[in-house]
Amino acid sequence: MSNVAIVGPGGVGGLLGGMLTRAGHDVVYVARPETAALLNERGMNVHSVQFGDFSVPAPAVEALSSPAELCVVATKATTLSEALDRVPPSFGGVLLPLLNGVDHMETLRARFPSARVVAGSIRVESTRVAAGRIEHTSPFSGIDVAGDGSDVVARLLGGAGFDVTVRDSEASLLWDKLALLAPLALITTAARASIGTARETRRDDMTQVVAEVAAVARANGTQTDPAAILSILEQIPATMKSSMLRDAEAGRPLELDAIGGSVLNAGARLGIPTPATARVVDELRPLS
């Protein structure tokens, strides 16, 4: 049995925390006061097409004060700074961020110098419909990790039922994800439409952004093929909306800096031109 902290009890954090509790681990959620109060009252209730329906206790605190072997950070990038204020800088366990983008790795390592920060990426469709109520609608939940501490993540999350893959390269893991996510998020949000419509109305932008992000990804050690990314985007069901588009529709802050900004920052650092990506990011800036 291990002690685990979950920062951000949303769709991903709630699902992971619920499964870890069901596997016998001591899980504590770190959340805003109102959310912490509801979790302490209601527990964590998961409806999952993969794991079934179950309810478990969900002890929650406003700030982490006890040691934890693993701390999962599963917030939106837009709320990361506030969330990290709830974790002491002296945290010395394994820290697993399941965030969009790449720039957060440097931020976390600077803020928690004693922690082992593991790069992570999750493939899952899981939504928080209310505090302590999780709808996991995908028949899969795959997690890729890389870096020192990956063995701890694989043991805990793999033992709890998730499909965990340990990869050799942190950069490759993060950029493989961003190479698909950035074009999908930026183009659907710029089009204010699902991917089917966005493919038609913003095709030139989509093609150019894919090529630019792929070039930056390759410079960071991946084997990204822009033709393969375009093929995946063509095969996504036409009604699919990116999470960034859903945030825009709901009037929530966009993860624009984490997704588009990561590409622009890396491109500038490596001398790779990204004019189409910059133009789309500028178009979306008023929404962020």
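If the condition is being farther than 16 Å from residue 191 by Cα and aliphatic (A, V, I, L, M), then the stretch 244-260 contributes 258, 259. Checking each residue in the stretch 151-165 for being more than 17 Å from the chain's Cα centre (by Cα) and outside any loop (DSSP other than H, G, I, E, B) picks out 151, 152, 154, 155, 156, 158, 159.
What are the residues in the stretch 244-260 that are surrounded by 20 or more Cβ atoms within 10 Å (Cβ to Cβ) and closer than 17 Å to residue 178 by Cα, if any?
Correct list: 244, 245, 254, 255, 256, 258, 259, 260.
The test for being surrounded by fewer than 16 Cβ atoms within 10 Å (Cβ to Cβ) and among the hydrophobic types (A, V, I, L, M, F, W, C) does not hold for residue 77. Does the stretch 210-232 include one or more residues that are surrounded by 19 or more Cβ atoms within 10 Å (Cβ to Cβ), in contact with a Lys or Arg (Cβ under 9 Å, 6 or more places away or on another chain) and assigned to a helix (DSSP H, G or I)? No, that holds for no residue.
Applying the criterion of being surrounded by fewer than 24 Cβ atoms within 10 Å (Cβ to Cβ) and touching a Lys or Arg at 6+ places or on another chain (Cβ under 6 Å) to the residues of the stretch 2-53, the residue that is farthest from residue 122 (Cα to Cα) is 45. Picking from residues in the stretch 136-150 that are crowded, with 22+ Cβ neighbours inside 10 Å and under 16 Å from the mean Cα position of the chain (by Cα), the one that is nearest to residue 113 (Cα to Cα) is 145. Looking at 140, 162, just one residue is under 30 Å from residue 54 (Cβ atoms), in contact with a Gly (Cβ under 8 Å, 6 or more places away or on another chain) and either aromatic (Phe, Trp, Tyr) or not assigned by TED's automatic domain parsing to the domain that holds residue 31 (or both), and that residue is 162. The strands (runs of 3 or more DSSP E) falling completely within the stretch 1-113 that include 3 or more residues that are modelled with pLDDT of 95 or more and under 17 Å from the mean Cα position of the chain (by Cα) map to 3-7, 70-73, 94-97. Inside the stretch 114-138, residues that are in a loop (DSSP other than H, G, I, E, B) and closer than 20 Å to residue 170 by Cβ make up a count of 3. Residue count for the stretch 209-243, restricted to those that are of a type in the set (D, E, K, R) and under 10 Å from residue 184 (Cβ atoms): 1. Applying a threshold of 8 Å to beta carbon distances and a minimum spacing of six or more residues, or different chains, the list of pairs starting in the stretch 176-187 at a residue that is closer than 12 Å to residue 203 by Cα and ending at one that is of a type in the set (Lys, Arg) reads 187/202.
The values are calculated or read from the model by the stated rules, or taken from the named source; none is laboratory data. Only a predicted model underlies this, so the values are computations on that prediction, with no experimental measurement involved. Cβ: placed from backbone, ideal geometry, glycine included. Neighbour counts: every protein chain shown.
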